[in-house]
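A short worksheet on the structure shown next.
The values are calculated or read from the model by the stated rules, or taken from the named source; none is laboratory data. Keep in mind that what you see is a predicted model, and the values were worked out from it rather than measured. Backbone-built Cβ (ideal geometry, glycine too); neighbour counts: all protein chains shown.
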Amino acid sequence: MKPREKKPDIVYRIIDKETGKACGSYSRAYCDEYDFSSEKEARNANFHGMFKDEDKYGIAKYKATYELLED
């Protein structure tokens, strides 16, 4: 997703099953992208198809919420 693009209510992140941490997919235009609009988009985020390996990478579904911290 583009950095200035409004994110949907639900986003998907690629999770390295070994470390439990979210993985970014490099994009020359936006550096690493972490949030995707579907599981399919997340799995296909890398040109080489590395995130299609379901034994190594999981896809986590998040509800994106915004909390006003300061007005």
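Key figures for this structure:
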item	result
Tally, over the range 1-37, of residues that are in a loop (DSSP other than H, G, I, E, B) and modelled with pLDDT under 95	16
Residue under evaluation ALA42, criteria (1) in contact with a helix residue (DSSP H, G or I) (Cβ under 9 Å, 6 or more places away or on another chain); (2) in a loop (DSSP other than H, G, I, E, B), criterion not met	(2)
Residues of the range 27-60 that turn out to be within 21 Å of GLU5 (Cβ to Cβ) and not hydrophobic (A, V, I, L, M, F, W, C), as a count	15
Enumeration of residues in the range 45-55 that are surrounded by 13 or more Cβ atoms within 10 Å (Cβ to Cβ) and in a loop (DSSP other than H, G, I, E, B)	ALA45, ASN46
